[in-house]
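Visitor: Structure incoming, see below.
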Amino acid sequence: MTITTLKYQSQSVSKLYFIAAMLLFAGQVIFGITLGLQYVVGDLFFPYIPFNVARMVHTNLLIVWLLFGFMGAAYYLVPEESETELYSPLLAKVLFWVFLVAGALTIVGYLTVPYAKLAELTGNDLLQTMGREFLEQPLPTKIGIVIVALGFLFNISMTVLKGRKTAISVVLLMGLWGLALFFLFSFVNPHNLVRDKMYWWFVVHLWVEGVWELILGALLAYVLVKVTGVDREVIDKWLYVIIAFALMTGILGTGHHFFFIGLPGYWQWIGSIFSAMEPIPFFMMTVFAFNMVQRRRRDHPNQAAVLWAVGTAVLGFLGAGLWGFIHTLSPVNYYTHGSQITAAHGHLAFYGAYVLVVITLISYAMPTLRGRIANSRKAQSAEMWSFWIMTVGMAVMVLALTGAGILQVWLQRMPTEGAMSFMATQDQLAFFYWTRIAGGVIFLIGQLLYFASFFIGGDPVTVEDTPRVVNGGGGGGGILGASPAQRA
């Protein structure tokens, strides 16, 4: 049996980030199910965990654990791409604990202190930054995030500068720097509501539909290079085209948030046209992933990572592309804005594009961090089943929310007279909300199975156990043509 160790020992710092990301991911899902229950059992956990607090924790945990995942992925990927040790492993470890402690204290603050009191205690009077969705963090937390981000970017940038430069590392660096720079708009909170919402979208939209897509493309390209053996030049060309389309459509696509907040009317045209083009880079990503897997030169021992990679491309297109497109044109968005259709799009887009790409990197990297090239067949089988169970759970949630959104628009927003009130409409959506909870429970089961796969023993799969594929995969076998158990 061949024992594979890390090519660069400083890559091992990524393990801390991956473990923290997965623990916070579990917390996010638990609070998500709690929110689902509060939709139908309104006083559940009140007054200890009000709905607004549970939602704040749910969304903040999503952002924080994805940031941990991105940082861990960068610490794993960059040394190998740059062919040099990380500039400062010690700095990476120190920043990890600073970020983790700051994040934990912030969540504890949300749960134990009334939000208005928390704002008073954390100096919000000095610089008013609190109270906005997704950016609810107290001022000290926001400053801490900036400090951690600057230290992280310094560490990663110095590593890239002293080593080899590749398309993957450069695109990743662009995405990470963009993430940090656009976050600075969270400190801008003008009294004019139109300007406030405009700057708010500079953070939220230009993160998830802009620079995060660069990070997504770089991580997916890196894993596909490793698991398919396809020439790096081919993957680099795909990566450049995908990110060019992502930036062109994503930046001007910000206009679909400017439809009805008081900005000039031409944003209805700009936002509609370029938002309608936003599925293109995600469709290209899907074609890219399938094309690379079909052209693979060998079957990598870690077939679970291949499944997560292909799943990222497909579900990213469905969530961010298709479900975004169905309500992005201004005449449609006039009725659907802020409805449960928006929630359906948000859940599937985040899961498909960002949750899955982080898990893809973890699935590929974690075995190597534990001294092997791939986990045992039994462990990979459990991991693959977890993918399908989580995806089915997410599909149930998204379809339930989509149905709820369509009925909500029909009852509450489309009638020109006699429209049903908001609360009366919510009563009519109870079936969909209960179905959404069932989907959340299924998702949680899949997540627990994924965590369990890390503890399943057996002999690790090695290169010698894996047949080499010549001139592409072809045929109906392999990762895309078998059951989870067979694929493992």
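The values are calculated or read from the model by the stated rules, or taken from the named source; none is laboratory data. Computed from a prediction, not measured in an experiment: that's the story for all the values here. A quick note on method: Cβ atoms are made from the backbone with ideal geometry, for glycine too, and the neighbour counts reach across all protein chains shown. Areas reflect the complete protein model, heavy atoms only, side chains present, ligands, DNA and RNA absent. Shrake-Rupley method; radii C 1.70, N 1.55, O 1.52, S 1.80 Å.
Visitor: Hey, any hits in the range 152-161 for a residue that's more than 26 Å from LEU247 (Cα to Cα) and either in contact with a helix residue (DSSP H, G or I) (Cβ under 8 Å, 6 or more places away or on another chain) or open to solvent by 20 Å² or more (accessible area, probe 1.4 Å) (or both)?
Guide: There is no residue in the range 152-161 that is more than 26 Å from LEU247 (Cα to Cα) and either in contact with a helix residue (DSSP H, G or I) (Cβ under 8 Å, 6 or more places away or on another chain) or open to solvent by 20 Å² or more (accessible area, probe 1.4 Å) (or both).
Visitor: Here's something else I'd like to know. From the set of residues in the range 401-415 that are in contact (Cβ under 8 Å) with a residue 40 or more places away in the chain and part of a helix (DSSP H, G or I), which is farthest from LEU444 (Cα to Cα)?
Guide: ARG413
Matching residues to (1) closer than 13 Å to GLU209 by Cα; (2) free of Cβ contacts under 8 Å to residues at least 12 places away in the same chain:
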| position | (1), (2) |
| --- | --- |
| MET277 | yes, no |
| ALA304 | no, no |
| THR312 | no, no |
| VAL332 | no, yes |
| GLY346 | yes, yes |
| PHE350 | yes, no |
| LEU356 | no, no |
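Visitor: Got a sec? Which helices (runs of 4 or more DSSP H) wholly within the range 181-274 have at least 1 residues that are more than 28 Å from ILE359 (Cβ to Cβ) and open to solvent by less than 50 Å² (accessible area, probe 1.4 Å)?
Guide: Correct list: 193-206.
Visitor: Hey, another quick one. Exactly one of (1) within 20 Å of VAL204 (Cβ to Cβ); (2) touching a Phe, Trp or Tyr at 6+ places or on another chain (Cβ under 7 Å) is unmet by GLU136. Its number?
Guide: Among (1) within 20 Å of VAL204 (Cβ to Cβ); (2) touching a Phe, Trp or Tyr at 6+ places or on another chain (Cβ under 7 Å), the lone unmet condition for GLU136 is (2).
Visitor: Looking only at the range 295-305, count how many residues are open to solvent by less than 10 Å² (accessible area, probe 1.4 Å) and either in a helix (DSSP H, G or I) or on the phi > 0 side of the Ramachandran plot (or both).
Guide: 2
Visitor: Here is a list: LEU118, LEU135, LEU126. Which entry is at negative phi, outside any loop (DSSP other than H, G, I, E, B) and either β-branched (Val, Ile, Thr) or out of contact with any His (no Cβ under 9 Å at 6 or more places or on another chain) (or both)?
Guide: Result: LEU118 is the single residue among LEU118, LEU135, LEU126 that is at negative phi, outside any loop (DSSP other than H, G, I, E, B) and either β-branched (Val, Ile, Thr) or out of contact with any His (no Cβ under 9 Å at 6 or more places or on another chain) (or both).
Visitor: If you check THR129, THR106, THR141, which single one turns out to be open to solvent by less than 30 Å² (accessible area, probe 1.4 Å), over 30 Å from LEU77 (Cβ atoms), in contact with a Ser or Thr (Cβ under 7 Å, 6 or more places away or on another chain) and among the hydroxyl-bearing types (Ser, Thr, Tyr)?
Guide: THR129
Visitor: Related question: Hey, which of the helices (runs of 4 or more DSSP H) in the range 327-385, taking only ones fully inside, have at least 1 residues that are on the phi < 0 side of the Ramachandran plot and in contact with a strand residue (DSSP E or B) (Cβ under 9 Å, 6 or more places away or on another chain)?
Guide: Of the helices (runs of 4 or more DSSP H) lying wholly inside the range 327-385, those with at least 1 residues that are on the phi < 0 side of the Ramachandran plot and in contact with a strand residue (DSSP E or B) (Cβ under 9 Å, 6 or more places away or on another chain) span 356-369.
Visitor: Scan the range 137-156 and report the pairs whose first residue is modelled with pLDDT under 95 and among the small types (Gly, Ala, Ser) and whose second residue is part of a helix (DSSP H, G or I) and surrounded by fewer than 16 Cβ atoms within 10 Å (Cβ to Cβ), with Cβ atoms within less than 8 Å and a gap of 6+ or a chain change.
Guide: Listed pairs, sorted by first residue: GLY144/VAL98.
Visitor: Hey, another quick one. When GLN447 is evaluated against the numbered criteria (1) open to solvent by 50 Å² or more (accessible area, probe 1.4 Å); (2) assigned to a helix (DSSP H, G or I), which criterion, by number, is the only one it fails?
Guide: (1)
Visitor: Which condition number does MET130 fail, the rest of (1) among the hydrophobic types (A, V, I, L, M, F, W, C); (2) closer than 30 Å to VAL234 by Cβ; (3) touching a helix residue (DSSP H, G or I) at 6+ places or on another chain (Cβ under 9 Å) being met?
Guide: (2)
Visitor: Of the conditions (1) open to solvent by 40 Å² or more (accessible area, probe 1.4 Å); (2) at negative phi, LEU95 satisfies every one except a single condition; which number is it?
Guide: Failed condition: (1).
Visitor: Can you name every residue in the range 17-58 that is open to solvent by 60 Å² or more (accessible area, probe 1.4 Å) and among the hydrophobic types (A, V, I, L, M, F, W, C)?
Guide: ILE19, LEU23, ILE30, PHE45, PHE46, PHE51 - these are the residues of the range 17-58 that are open to solvent by 60 Å² or more (accessible area, probe 1.4 Å) and among the hydrophobic types (A, V, I, L, M, F, W, C).
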